[in-house]
Amino acid sequence: MTRKHRRLILVLACGAGLGSAVALTLSAFRDSVAFFVSPSEIAAKAPPAGRSFRLGGLVEAGSLHRTMDGARPAATFEVTDGHATVSVHYIGILPDLFREGQGVVALGTIAPDGSFRANEVLAKHDEAYMPKEVADALKKSGHWNPAAGPPPPAATWNDMTVTGAKQAKAGG
Amino acid sequence: MTHLTYIIAAYGLFVVVAVWFSATAWARMARARRRLAAIDPRASR
Amino acid sequence: MDARTALAPPAKSPVPGGRNLHRFANPGRFLRLSGKVLPWFSAAGLVLTLIGLGWGLFFAPADWQQGDAVRIMYVHVPFAWLASAGYVGLALCSLASLVWRHPLADLAAQEIGPVGAGATALCLATGSLWGKPMWGAWWVWDARLTSVLVLFFLYLGHVALVRAFDDPARGARAGAILALVGAVDLPIIKFSVNWWNTLHQPATITLTGAPTMYLGMLWPLFIAALGLTLGFVAVILARTRAAVMERRIRALLLAQAQREQVLPRQVGA
């Protein structure tokens, strides 16, 4: 065994040791690495009242009501993960990406009535990128309702042309 | 265009950083080549 | 130390793999080869970057939700890839330096550091400029953003560490160990969006499925990414060339100074 071989084995052994140590640490701190908790996790184990945390999920279709609180805009909506739902109340300006069916992360506390009082609402973008024409064509043809969930499989739309999408919309 | 200030800031930042890295790398190379040629004319190619 | 590594021919290695690696270790050969490819890399990088970013900025469609803010993606995503790819390069150079004592690997690692830090900084800054209008926040401490910030600090730490020693060989050794230890951050960055709840979206372009991106946006992204990668490599090559020449200058000056010291003594005796 040459010195080069010995050094290579030493480096690989150190790498394996370090890698497993980090993997164990990360899996031990799994909960604190998570940026938000889902409505089902709250239903299973409610955080203590008054403690601030982040709630994440999709804005339920048809649940958004925009009102005014004095001069400031206010909004009430339901956040769901498909199994449980939490009602959220927020006073302030919602981000540009906020809509029904969109992922959101709200920072706030659970009120005594079980609803969530948000101090801050962030919109979560999904991994789909499409022009308006393609989105409109998908909605028009009934392949996708953005308020109800994520877009259909990418292979069905990512090679659609903008002019083709316009024609499909006009024809359909 | 919507969000024009954010777009200009992002692309502007990119241009500044890219030009700075390219210019310093080029200047360093030219300077090293000049100095090497001055010390050892054989080594300069 | 410098004089020896710069002037001595590459050490003969008993290992076949080692010998193959050392074929590219001769600094003179590196200068010749890199000098030939550098103009091509620079020109192709510049042209492709201009085409890709021009297409993305002025001709690609706006996103149905993000509007024109989606155009920030054409710089953000390539620099996110380059930040990780640059670190892979840094880790490989460190491995070659620690295990095979490759004489060019230390110089390459020393020059990748600042360029990689620049790419990571651009990735973070452009991401922040996208996050404010889209998410509603400049910065959040989710696993993806935090792990990329850690990558930025790893680059900065490497840059500082390799320059912190009087003996460049010791600095290179310490830097190589830091770079290899830090490589554990790379899978964390890649998989953070799948392993944990994050605000950052999961990957759009994967090996397993069709890219969830309209092709009229994907093409300019690929072209810009290719151009910026060539530019990134060109800057690192240029800096490494400069570093090789600087090392040779130091070695020549040192040898000259030694000759001048030795000569009068011999005359005196």
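Going by average Cβ neighbours within 10 Å, how do the peptides C:237-243, C:50-56 rank, with the highest at the top?
Averaged packing, sorted descending, gives the order C:237-243, C:50-56.
Give the Debye-formula value of log10 I(q)/I(0) at each listed q (0.14, 0.21, 0.26, 0.28 Å⁻¹), with one equal scatterer per alpha carbon of region C:167-216, two decimals each.
Each listed q maps to, in turn, -0.58, -0.82, -0.99, -1.04.
Take the alpha-carbon centre of region A:26-77, take the same for region C:42-93, and report the distance between them in whole Å.
Measuring centre to centre over Cα atoms gives 34 Å.
List the aspartates and glutamates whose Cα lies under 17 Å from the Cα of A:Lys166, skipping any in the same chain that are fewer than 8 positions away.
A:Glu133, A:Asp136, C:Asp63
Report A:Glu133's accessible area, 1.4 Å probe, all protein chains in place, as a number in Å² to the nearest 10.
50 Å²
Pick from C:Arg101, C:Arg248, C:Arg29 the residue whose mean-square fluctuation is largest in a GNM of chain C, springs joining Cα atoms under 10 Å.
In the Gaussian network model the winner is C:Arg29.
Chain B: D in µm²/s via Stokes-Einstein (Kirkwood Rh, Cα pairs, 4 °C, 1.567 mPa s)?
99 µm²/s
As an exercise, use a Förster radius of 60 Å and the Cβ-Cβ distance of B:Thr2 and A:Ala13 to find the FRET efficiency, rounded to the nearest 0.05.
Computed FRET efficiency for B:Thr2 and A:Ala13 comes out at 0.65.
Relative to the compact-globule scaling 2.2 N^0.38 Å, provide the ratio for the alpha-carbon radius of gyration of region A:132-171.
Working it through for region A:132-171, the quotient is 1.06.
Can you pull the Kirkwood radius for region C:104-156, inverse mean 1/r over Cα pairs, to one decimal in Å?
12.1 Å
Across the residues of B:12-19, average count of Cβ atoms on other protein chains within 10 Å?
Mean partner-chain Cβ count within 10 Å for B:12-19: 5.
For A:Lys4, give me every one of the lysines with a C-alpha distance below 19 angstrom, ignoring sequence neighbours fewer than eight places off in its own chain.
C:Lys12
How big is region C:63-195 by Rg and Dmax over its Cα atoms, in Å?
When restricted to Cα atoms, region C:63-195 yields Rg and Dmax of 16.4, 57 Å.
Relative to the longest principal axis of the C-alpha atoms of chain C, give the angle of the C-alpha long axis of helix C:27-54, reported between 0 and 90° and rounded to the nearest 10°.
With both axes taken from Cα atoms, the answer is about 20 degrees.
Using modelled backbone amide H atoms (1.01 Å from N, in-plane), which distant-in-sequence or interchain residues come within less than 5 Å of A:Phe36's amide H?
HN-HN under 5 Å from A:Phe36: C:Asn197.
List the extent of the Cα atoms of chain C along each of their three principal axes, largest first, rounded to whole Å.
Result for chain C: principal-axis Cα extents of 87, 36, 35 Å.
Taking the Cα atoms of chain A, what is the range of coordinates along each of the three principal axes, in descending order and whole Å?
73, 52, 30
Could you please state how large a percent of the accessible area of chain B is carbon and sulfur, counting protein chains only and using a 1.4 Å probe?
69 percent
Estimate the FRET efficiency between C:Leu207 and A:Asp113 by the formula 1/(1 + (r/R0)^6), using the beta-carbon distance for r and 56 Å for R0, to the nearest 0.05.
With a Förster radius of 56 Å, E is 0.75.
If you take the alpha carbon radius of gyration of region A:83-172 and divide it by 2.2 N^0.38 Å, what ratio comes out, to two decimals?
Scaled against compact globular proteins, the figure is 1.40.
Please list, in chain and number order, the residues 5+ apart from A:Tyr129 or on another chain whose amide H is under 5 Å from its amide H, with Hs placed from the backbone.
Distant-sequence amide H within range of A:Tyr129: C:Met213, C:Tyr214.
Tell me whether the protein assembly as shown comes out rounded, prolate or oblate; compute the Cα gyration tensor, take square roots of the eigenvalues as a ≥ b ≥ c, and use a/c under 1.5 as the rounded threshold.
prolate
Return the average number of partner chain Cβ atoms within 10 angstrom of each residue Cβ along peptide C:66-74.
Counting Cβ atoms of other protein chains within 10 Å of each residue's Cβ and averaging gives 6.
Let a ≥ b ≥ c be the square roots of the eigenvalues of the Cα gyration tensor of region A:39-124; is it rounded (a/c under 1.5), or, if not, prolate (a/b larger than b/c) or oblate?
oblate
The values are calculated or read from the model by the stated rules, or taken from the named source; none is laboratory data. A quick note: this is a predicted structure, and the numbers were derived from the prediction, not measured. With ideal geometry, Cβ positions are generated from the backbone for all residues, glycine too; neighbour counts draw on all protein chains shown. We work out accessible area using only protein heavy atoms, side chains counted, and drop any ligands, DNA or RNA first. Shrake-Rupley method; radii C 1.70, N 1.55, O 1.52, S 1.80 Å.
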